[in-house]
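Step one of this worksheet: look at the structure below.
The values are calculated or read from the model by the stated rules, or taken from the named source; none is laboratory data. All values derive from a computational prediction rather than experimental measurement. Positions of Cβ are backbone-derived with ideal geometry, glycine not excepted, and every protein chain shown enters the neighbour counts.
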Amino acid sequence: MTSPKERESVPAEQGGSEKHAPNGNDKELALTEHLRELRDRLIKSIIAICVGFVLCYSVIESIFSFLAKPLDAVLPPGKTIIFTSYPEAFFTYIKLALVCGVFVASPVILYQIWAFIAPGLYEHEKKWALPFVISSTIFFVGGAIFGYMVVFPAAFKFLAGYSNTNLDLLPSMGEYFTLVIRLLLGFGIAFELPIFMVFLGLVGIVDAPMLRRNRKYALLIIFIAAAIITPTPDVLNQILLAGPLLLLYELSILLVWIVAGKRKKADEAKAL
């Protein structure tokens, strides 16, 4: 007596089912379709970034002034940001407009990511597309705002404190905005922690009990990440980032638990 799998593999002329296991051509076709979809998603994301870049470059002076405020607040009277080579200002504006364009295009980018992974999810989980895009955008932009409003003033005050009668502070715009861009992206990505954990929960890599058991390791990783992201070696600035990340980790545990509960109910309803 043959098993269902064996019956599916028996040719139709031998009395078996017409179903058969996918051959190499089918697998190659599936891979090609996935690569084609990935290409389309990337193209749409790049177009969104280009549109965001053009919009941001049209108001780059205002963006420059806004992002320079934390440094202007700690500069000695009469001091300003300088550029030390002819192309420095131009390329700094380009880089700044590109990063701001990524922030502007982040809802589109996040939606494209979701749309790419959605086919592997349950039907009821696909309905989370809009909440996923909205929450991811809020956390990403919220992380950047937190860095700008809370960490930047303390960090730049600390760094400017090394200026004295023997050391004159002459901040280069290229170096300053490279640091600002790195920090804004770092804070934005760090605040995506709950979204990342929920995604891992959806694919079955983590669950709430596992996250609770490994809380002490998460604490260590968070403080290491805070030490890498923050621009200063002082403990205060590291705590300013590590504190919110710890809260976000606890939020991740709650969200993963909620998602797992809803998925279990969906599986039980489907079994009935």
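A few remarks follow.
- Considering the conditions (1) of a type outside the set (Gly, Ala, Ser); (2) outside the structural domain of Gln112 (by TED's automatic domain parsing); (3) at pLDDT 85 or above, Ile49 is excluded by exactly one of them, (2).
- Output for segment 65-74, where each listed residue is surrounded by 15 or more Cβ atoms within 10 Å (Cβ to Cβ) and either touching a helix residue (DSSP H, G or I) at 6+ places or on another chain (Cβ under 7 Å) or charged (D, E, K, R) (or both): Leu67, Pro70, Leu71, Val74
- Of residues in segment 154-173 being assigned to a helix (DSSP H, G or I) and at pLDDT below 85, the one nearest to Leu71 (Cα to Cα): Phe156
- Condition check for Ile195: part of a helix (DSSP H, G or I), among the hydrophobic types (A, V, I, L, M, F, W, C) and in contact with a Lys or Arg (Cβ under 8 Å, 6 or more places away or on another chain): no
- The residues of segment 229-239 that are over 24 Å from Val198 (Cα atoms) and either part of a helix (DSSP H, G or I) or modelled with pLDDT under 75 (or both), listed by number, are Pro231, Thr232, Pro233, Asp234, Val235, Leu236, Asn237, Gln238, Ile239.
- Test result for Phe187, within 13 Å of the chain's Cα centre (by Cα), buried (at least 18 other Cβ atoms within 10 Å of the Cβ), in the same structural domain as Ile60 (by TED's automatic domain parsing) and more than 22 Å from Asp72 (Cβ to Cβ): no
- Test result for Lys69, of a type in the set (D, E, K, R) and under 22 Å from Gly143 (Cα atoms): yes
- Checked against (1) part of a loop (DSSP other than H, G, I, E, B); (2) surrounded by 15 or more Cβ atoms within 10 Å (Cβ to Cβ); (3) among the hydroxyl-bearing types (Ser, Thr, Tyr), Tyr176 passes all but condition (1).
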